[in-house]
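Structure incoming, see below.
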Amino acid sequence: MARLVLCTVALLAASGLADPIKKVPHKVVDHEFLQHQVDVLNLFYHIHEPIHEPELKEIVNTFDLEKNIEHYTNVTAVKMYAEFVKSDVLVPRGVPFSVLEFSHRFEAEVLYDLLYSAKDFTTFYKTAVYLRNRINEGLFVYVVSVVLLHRPDTQGIVIPPIYEVFPSYFHNAEIINTAQRINTHGKRMIEHYPSTYVHDDNVVIRWNSTTWPYHNNDVAVTYFTHDVNLNAFYYNVHLMYPFWLGNDDSPLVKDRRGELFWFYHKQILSRYYMERLSNGLGEIPELGLDVVQQGYVPGMSYYNGIPFPVRPNHFNLDQPEFVNAITKIIEYEHRIREAIDKGYVLNHLGEHISIQTPEAVDILGRVIEANVDSPNPYYYKDFISVWKTVLGNTVWHKHHYHKGLIPLVVPSVLEHYQTALRDPAFYMIWKRVLGLFTTWQKYLPEYKLEKLALPSVVIKSVEVDKLVTYFEHTYFNVTNDLHMNEHESKAVVDDVSVVVQRPQLNHKVFTVRVNVKSEVEKPVLVKFFLAPKYDSKGYEIPLHVNTENFFLLDQFVYDMPVGECVIKRESTENGFAIKGWTPAYEVYEKAFNALHGKGQFVLDRTHRIDGFPDHLLLPKGRVGGMPFVLLVYISEYQPSKVPYASNFDPNVSLGLGSGARYMTDEPLGFPLNRPLYQWQADHLSNLYIQDVYITHKLVPEVVVPHVEEVHPL
């Protein structure tokens, strides 16, 4: 793994906008873990290139799957994949990989079974090295990442951020082409490249999508939809819970995966809606079966030069090519709506499974996703992916086949998790999908006041610091996507480091103070929600309608004392947001140094893979201020039936499939997981609604305190 010269921390410090870092529990890892960490990072280094390290090339040339079959628990997977390799019926290298394409997914599942069944890390690693040069790069990275998150012996190993492994999925073709030219010419022709400069030993490409001439109609919100960290977050969530992984072998159903599927998408859609309102774009368009008015031009190309498909404006769905796909959508959606109306779904035996209870959101989520834990995935099929192929404009693509068996597809941005959020059609699809959940919620009874109330607690007032947003520069290294010259491949080092500078929405650190009076001493659960106050036409949104727009801003347990107190919560203490993921080169350097006795390598939760980007907690708002609604809710703390982190170390593991990932048994988003009416809120002393204003300012107007980031040695 190359040690790149760029120091992202230094660049952030130069911008003057870095935020202080909170202290969290951590764990110092041992020598064996360090070696595994270094080994894993080598797998992702210049993924489009063959392996260049001599000791790894030896494994590539000498390892044999079938001769080592006793080192795997899944013999069938070993034999199948060995046959795939012999017969060359693999997804070829250098072409796009799509997990939504059946044959691509089938190979991915077999590869997962193979790697997961390795009896020890050494076998897993040698297998991955052996296949690294032989199989499709996208498939390899996707499957190895999923395996690393789920294998017991790889918990805590840091996976490189997907935007560093495949930069071309996060930056348009102009950026990547400029980076390739810089890689070829070095620094001697920098003056010929617009918006390019040298910082230390790194070449930096300035980028601002709002000034790109080939923009789309929603250019005003591309800072959100094209946000690199947000798209990586969405990709990471699907690494944790792949729709094809589950059942008894991987009991992800224990984690309420269906409910989580609904909640993550509700959160993202709520945030997107607030950004639209902040920029005067109006409501999210309804998705019908006739014409989609808004097109999308990705401006990106795959590594092999093929551009991502384009959807033109005024896209007509009433075309002969779309008849079969639209028919499937209508039929599959009808089956869901019919189940909601009847109050039950059918399992694979034809038996009725009730969905008339609040807990059934988990069943409904699994059914709508059509994942392997659905009661009947062969009847309740995946209509969301069909929508993606239609609106991505990929239905018309004529398949070419490798060996007459493996389709060579050109997926749209909608068909990759790491790019799906870029297309405004994503939010149209999900507005329609979440409408199914809303329809189901209407069949549930309203919450009774005694369910919502906590009579012993009275929220007397809420004070919030001035909420200010601004744009800052952030930096992403794209060197991993560049071709290596002869010297680089021999030395296994990058001669040139290329970085992209992009604008990023952020906010000043703020504090919420909740003035409370309590009659008893007890632990409570405190939640902050944020929603727009007015719709796009300027009308105030009623609380029961606005319920679906509330974004869960923060959630934490608080030991409530008797009497009056102030619950003080800083935005930097947020429980589910992170500052960003540590660059791979920095992880490698720290692990390599610690492996050779230079310092320690520390694991903590500040960079966990499922963290929501901290800089996007608040919507942009407007110059002069924009009104929003802050809802504070305090409930009695009810520990999860399986105590949080009781069977895993949260500093190391995500606890996937453990059933112990939640701090409470409350439904996700409670009490706003179904319509909440104003008359209910008026009778609750433990719920407080307050108007807040979010003001957007230019960077020179913002004073942001800066604390140097210090990494443990």
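So which chymotrypsin sites (Phe, Trp or Tyr not before Pro) in the range 376-406 are both in a DSSP loop and have at most 12 other Cβ atoms within 10 Å of their Cβ?
Of the chymotrypsin sites (Phe, Trp or Tyr not before Pro), the ones in loops of the range 376-406 whose Cβ has at most 12 other Cβ atoms within 10 Å are Tyr378, Trp396.
Ranking Trp430, Trp679, Trp207 by Cβ neighbours within 10 Å, fewest first, what do you get?
Placing the least packed residue first, the sequence is Trp679, Trp207, Trp430.
If you add up the charges near Lys620, with Lys and Arg at +1 and Asp and Glu at -1, over every other residue whose beta carbon is less than 11 angstrom from its beta carbon, what do you get?
Once all neighbours under 11 Å are counted, the net charge is +3.
If you don't mind, there's one more thing I want to ask. Taking only the C-alpha atoms, wrap a convex hull around the range 522-629 and report its volume per residue in Å³ as a whole number.
195
Looking at the range 8-167, how many pairs of lysines come closer than 27 Å at the Cα, when each pair is eight or more places apart or spans two chains?
Counting lysine pairs in the range 8-167 gives 14.
Could you size up the charge dipole of the chain around its Cα centre, putting +1 on the beta carbon of Lys and Arg and -1 on that of Asp and Glu, and report it in debye to the nearest 20?
Charge dipole of the chain: 780 debye, to the nearest 20.
Which ordering of Tyr130, Tyr296 is given by a fewest-first count of other beta-carbon atoms within 10 Å?
Tyr130, Tyr296
A further question on this structure: Straight-line reach from Lys451: which lysines have a Cα under 17 Å away, not including same-chain ones fewer than 8 places off?
Here the lysines satisfying the reach criterion relative to Lys451 are Lys527.
Computed from the coordinates by the stated procedures, all read-outs in this text should not be read as laboratory data. Because the structure is predicted, anything quoted here is derived from the model rather than measured. Neighbour counts are summed over all protein chains in view; Cβ atoms, including those assigned to glycine, are modelled from backbone coordinates with ideal geometry.
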